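Here is the structure we will look at.
The values are calculated or read from the model by the stated rules, or taken from the named source; none is laboratory data. Bear in mind the structure is a predicted one, so any value in this text is a computation, not a measurement. Glycine gets a Cβ as well: all are built from the backbone with ideal geometry, and neighbour counts include every protein chain shown. Please note that ligands, DNA and RNA were not included when accessible areas were found on the heavy atoms of the full protein model with its side chains. Shrake-Rupley method; radii C 1.70, N 1.55, O 1.52, S 1.80 Å.
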Amino acid sequence: NANIMLANSGGGAVSGYTVNYDTSNHVATLNLTGALAEQTSYKLSINQQNVKDTSGNAMGSNSSYLVSQFTTGDFTAPTLSSTTPINGATGVADESAISLTFSESMDTTTLSTTTVKLQKVNDSSYVALNTPNYSNGNKTVTFQPSVNLFGGESYNIIINPSQIKDLA
């Protein structure tokens, strides 16, 4: 529809959409036939001169009235949904693995022994972790400590959130 236009932020027209108008509710709906580009800004405009009521009155005089601007992309950071062992757990088996489950699929190249560490509380030293395994659609990462954990010792799982990323 030439009266309702979708363009990228540079003004380039976007193709691959239809516009449906519901006369009973007076609602125009833009339906995409494909996906929009990620991390891209778009503008939705109306040609007010050609959009008219049933009496023939134009909506306005602007041929490119900006209705909306938006940017596509995933702007929600992943969150840590659960850990194994759970925070504050006691009586954890000496040979236990450490698992972290996130709210969304993660970029596995950012979940490694440099971004996730296991620290002993009593002396702040680190326990070496073996190469991680990924599961649950890359939402869960599991590290096996290179040595058995000491009974009665407390440990912290340290994550560097600025260095881990989701897939989006």
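Between amide H atoms placed 1.01 Å from N, distances below 5 Å from residue 62 occur with 48, 49, all of them 5 or more places distant or on a separate chain.
Under a 5 Å amide H cut-off, with hydrogens placed 1.01 Å from N, residue 166 pairs with 107 among residues at least 5 apart or on other chains.
Sequence-ordered 3J(HN,Hα) estimates for region 135-148 from the Karplus curve with 6.51, -1.76 and 1.60 and θ = phi - 60° stand at 8, 6, x, 6, 8, 10, 10, 10, 10, 9, x, 6, 9, 5 Hz, glycine and proline given as x. The phi-based Karplus calculation (6.51 cos²θ - 1.76 cosθ + 1.60; θ = phi - 60°) puts the 3J(HN,Hα) values of region 88-102 at x, 4, 10, x, 6, 4, 4, 9, 5, 8, 10, 10, 10, 10, 9 Hz, whole numbers, x for Gly and Pro.
One entry in [x] 1.72; [y] 1.26; [z] 0.95 is Cα Rg over 2.2 N^0.38 Å calculated from the shown coordinates; its label is [x]. Between the residues 76, 45, 97, the greatest Cα displacement towards the positive end of the dipole of the chain, with unit charges on the Cβ of Lys, Arg, Asp and Glu, is found for 45.
For region 106-159, what % of the accessible area comes from carbon and sulfur atoms, probe 1.4 Å? Of the solvent-accessible surface of region 106-159, carbon and sulfur hold 47 percent.
So what is the accessible area of the chain per residue, in Å², with the probe set to 1.4 Å? Value returned for the chain: 62 Å² of accessible area per residue. Given +1 at the Cβ of Lys and Arg, -1 at the Cβ of Asp and Glu and no other charges, the dipole of the chain around its Cα centre is 380 debye to the nearest 20. Based on C-alpha pairs under 8 angstrom that are at least 6 apart in sequence, the chain has a relative contact order of 17 percent. For region 82-168, the equivalent ellipsoid built from the Cα gyration tensor has semi-axes of 23, 13, 11 Å, listed from largest to smallest. The charge dipole of region 64-145, taken about its Cα centre with unit charges on the Cβ atoms of Lys, Arg (+1), Asp and Glu (-1) only, comes to about 60 debye.
Dipole check for region 101-168: with +1 at the C-beta of Lys and Arg, -1 at the C-beta of Asp and Glu, and the Cα centre as origin, the magnitude is about 40 Debye. Seen from residue 76, the other residues with C-beta closer than 15 Å to its C-beta sum to a net charge of -3, counting Lys and Arg as +1 and Asp and Glu as -1.
Take the Kirkwood radius over Cα pairs of region 1-80, plug it into Stokes-Einstein at 25 °C and 0.890 mPa s, and you get 172 µm²/s for translational diffusion. Put the Cα centre of region 7-53 next to the Cα centre of region 95-155 and the gap is 47 Å. Computed over the chain with a Gaussian network model linking Cα atoms closer than 10 Å, the most mobile of 29, 115, 71 is 29. Measuring only protein heavy atoms, the 1.4 Å probe finds residue 33 accessible over about 110 Å². Annotation: amide H of residue 111 has no partner in the under-5 Å range at sequence separation 5 or more or interchain, hydrogens built in the peptide plane. Highest GNM mean-square fluctuation among 66, 100, 80, for the chain modelled with Cα contacts below 10 Å: 66. Restricting region 60-168 to chymotrypsin sites (Phe, Trp or Tyr not before Pro) that sit in a DSSP loop and have at most 14 other Cβ atoms within 10 Å of their own Cβ leaves 75, 150. Protein heavy-atom surface of region 7-56, 1.4 angstrom probe: 47% of the accessible area is carbon and sulfur, with nucleic acids and ligands not counted. The gain in end-to-end length when the residue 25 to residue 53 segment is fully stretched comes to 8.7 nm, 0.36 nm per residue minus the alpha carbon separation.
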